[in-house]
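To keep things clear, I will list the structure first and then write my remarks on it.
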Amino acid sequence: MYGLNGNHVINNMTWEEYAKWQRWDEWPEKNENPPLTVETTFWYNNQEYMVTSLKGQYVIVMQPDFEIVISNNNFVELLNMDFIEGKSFKELLPELLFEE
């Protein structure tokens with residue numbers, strides 16, 4: 001499947017695949033707050049978002065304006081916070097589309 005601009009292939013991802021993509025296994029001592037190793041661009045309901053860090057916080061921002069939707073100083077907690085329609089990033093993961 002191609003992204004909204006037609007240039008990038010996008011796919012769904014499981015929680016295990018996301019953790020592997022972030023290479024959390026390289027930091028077993030940081031299980032409760034692993035680092036963000038890959039900024040993540042994704043789409044939900046034709047809206048583009050990004051998981052990144054900003055001013056010492058992990059954030060999910062709405063693109064293209066880089067508007068912060070949620071933030072937390074703990075990466076795992078951020079991904080488990082209510083994000084859209086009372087659901088977390090983790091809960092919505094099977095429905096999110098990611099750029100490869």
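I need every pair where a residue in the stretch 68-90 that is over 19 Å from ASN12 (Cβ atoms) and among the hydrophobic types (A, V, I, L, M, F, W, C) has its Cβ under 6 Å from the Cβ of a residue that is at pLDDT 95 or above and open to solvent by 50 Å² or more (accessible area, probe 1.4 Å), sequence separation at least 6 or different chains.
These pairs meet every condition: VAL69/MET62; ILE70/MET81.
Can you tell me which residue is nearest to ARG23 (Cα to Cα) among those in the stretch 55-100 that are open to solvent by 90 Å² or more (accessible area, probe 1.4 Å) and in a loop (DSSP other than H, G, I, E, B)?
GLU100
What number of residues in the stretch 67-100 are touching a Leu at 6+ places or on another chain (Cβ under 9 Å) and among the β-branched types (Val, Ile, Thr)?
Total meeting the criteria: 3.
Might you let me know whether the stretch 23-40 holds any residue that is part of a helix (DSSP H, G or I), surrounded by 13 or more Cβ atoms within 10 Å (Cβ to Cβ), of a type in the set (A, V, I, L, M) and modelled with pLDDT of 85 or more? Break it down into steps so the answer makes sense when it comes.
Keep residues of the stretch 23-40 that are part of a helix (DSSP H, G or I), which gives 24-26, 28-30.
Filter again for surrounded by 13 or more Cβ atoms within 10 Å (Cβ to Cβ), leaving 24.
When the remaining residues are screened for being of a type in the set (A, V, I, L, M), the result is none.
Checking the stretch 23-40: not a single residue is part of a helix (DSSP H, G or I), surrounded by 13 or more Cβ atoms within 10 Å (Cβ to Cβ), of a type in the set (A, V, I, L, M) and modelled with pLDDT of 85 or more.
The values are calculated or read from the model by the stated rules, or taken from the named source; none is laboratory data. Predicted model, so just to flag it, every value in this text is computed and none were measured. All Cβ positions, glycine included, derive from the backbone under ideal geometry; neighbour counts span all protein chains shown. With ligands, DNA and RNA removed, areas are computed over all heavy atoms of the protein, side chains included. Shrake-Rupley method; radii C 1.70, N 1.55, O 1.52, S 1.80 Å.
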